[in-house]
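*Asks:* Structure in structure tokens, see below.
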Amino acid sequence: MADLQSSISAVVDAVEHSLHDLPASTPAAAVDHSSHVPRALGRKKSIHQVLGGGKSADVLLWREKPTSAGLLAGATAAWFLFQVAGYTVISVLSNALLFTTVILFVWANIASLLNRPPPPIPKLELSEELVSRLASVLREELNKTLAVAYDVAIGKDFRVFFKVVAVLWFFSKIGGWFSFLTLLYIGLLGAHTLPVLYERYQTEIDKYIDIAVEVAKKQYLKIDELVISKILGAPTKEKKVQ
């Protein structure tokens, strides 16, 4: 039971650390963009530190190969069952629980007849403190995200608005090509391959990132000059005319 509680607490700590690293957790005025760019552009943190450090980063970087391979194999099996074989989540969960329940029931009864110990099933429960802590972290991050969404919706920041529109348009196109489950699987596959490839070929990749960032900056400056700046400057000019 103590091991279960400590494992759940570790997961909550990892979630809390990851959520605080999200963009919505940092006020716009306090964001330091130099800390979020590749090493070739000035980033001093290693890829392990960027991923949050600890066990989660070790798994993504394949430093704990059995765990990484097991997680990837499980995700691949789930994707195959639900996406390729056509099973539903309810049917798979029901069959798994049915099989587990029958096995444990038979095991427990045979053990009692043979005077053997019952199945080693731990008592599963979540402490009130753990649930309250997780709920508090999620509430705080959701409120920050909703505050950013509110600022965008009422037109406080046109640049953020255009970025949000571009990202949503991109995901709408991607969503038309893949199902939600396939997108999740692709994201998990990328999380288990891209960081370790970057760590191995960091110097070569940083060179291409430098080139891509420079091109993106030039394109953004063009759009900012031709479109966004004119939109932001329009109300000011109208006020001056009045």
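The values are calculated or read from the model by the stated rules, or taken from the named source; none is laboratory data. Fair warning: this is a prediction, and the values are worked out from it, not measured in the lab. Here Cβ is always computed from backbone atoms with ideal geometry, including for glycine, and neighbour counts include all displayed protein chains.
*Asks:* Condition check: closer than 30 Å to L197 by Cα, touching a residue at least 24 places away in the same chain (Cβ under 8 Å) and of a type outside the set (F, W, Y). Does A69 satisfy that?
*Replies:* Details: closer than 30 Å to L197 by Cα: yes; touching a residue at least 24 places away in the same chain (Cβ under 8 Å): no; of a type outside the set (F, W, Y): yes.
Answer is no for this residue.
*Asks:* Just for the stretch 154-175: of the residues that are under 19 Å from the mean Cα position of the chain (by Cα) and not small (G, A, S), which one is surrounded by the most Cβ atoms within 10 Å (Cβ to Cβ)? Reasoning before the result, please.
*Replies:* Step one: of the stretch 154-175, the residues under 19 Å from the mean Cα position of the chain (by Cα) are 164, 167-168, 170-172, 174-175.
From what's left, not small (G, A, S): 164, 167-168, 170-171, 174.
Details: V164: 15, V167: 10, L168: 10, F170: 10, F171: 11, I174: 11.
It comes out as V164.
*Asks:* Those residues that are hydroxyl-bearing (S, T, Y) and surrounded by 13 or more Cβ atoms within 10 Å (Cβ to Cβ), I need them from the stretch 193-229; list them, please. I'd like the intermediate steps shown before the answer.
*Replies:* Taking the stretch 193-229 as the starting set, the residues that turn out to be hydroxyl-bearing (S, T, Y) are 193, 198, 201, 203, 208, 220, 229.
Matches in the stretch 193-229: T193, Y198, Y220, S229.
*Asks:* On to the next question. Tally time: how many residues in the stretch 109-153 are surrounded by 12 or more Cβ atoms within 10 Å (Cβ to Cβ), over 30 Å from V165 (Cβ atoms), among the β-branched types (V, I, T) and touching a residue at least 12 places away in the same chain (Cβ under 8 Å)?
*Replies:* 0
*Asks:* Just checking, does the stretch 13-20 include any residue being within 20 Å of P195 (Cβ to Cβ), part of a helix (DSSP H, G or I) and modelled with pLDDT of 75 or more? Working first, answer last.
*Replies:* Step one: of the stretch 13-20, the residues within 20 Å of P195 (Cβ to Cβ) are 14-15, 17-20.
Applying the additional criterion that residues be part of a helix (DSSP H, G or I) yields 14-15, 17-20.
The next check asks that each one be modelled with pLDDT of 75 or more; those that pass are none.
No; the residues of the stretch 13-20 include none that is within 20 Å of P195 (Cβ to Cβ), part of a helix (DSSP H, G or I) and modelled with pLDDT of 75 or more.
*Asks:* Being basic (K, R) and assigned to a helix (DSSP H, G or I): is that true of K55 here?
*Replies:* yes
*Asks:* Does any residue of the stretch 176-186 turn out to be within 22 Å of the chain's Cα centre (by Cα), exposed (fewer than 11 other Cβ atoms within 10 Å of the Cβ) and under 21 Å from G74 (Cα atoms)?
*Replies:* Narrowing the stretch 176-186 to residues within 22 Å of the chain's Cα centre (by Cα): 176-186.
Checking the rest, the ones that are also exposed (fewer than 11 other Cβ atoms within 10 Å of the Cβ) come to 176-177, 180.
Filter once more, so that each one left must be under 21 Å from G74 (Cα atoms): 180.
Yes, the stretch 176-186 contains at least one residue that is within 22 Å of the chain's Cα centre (by Cα), exposed (fewer than 11 other Cβ atoms within 10 Å of the Cβ) and under 21 Å from G74 (Cα atoms).
*Asks:* Shifting gears a bit: Within the group K156, K163, K123, which residue is among the basic types (K, R) and farther than 30 Å from L226 by Cβ? Step through it out loud before you land on a result.
*Replies:* On the way: K156 fails: farther than 30 Å from L226 by Cβ; K163 fails: farther than 30 Å from L226 by Cβ.
Answer to the selection: K123.
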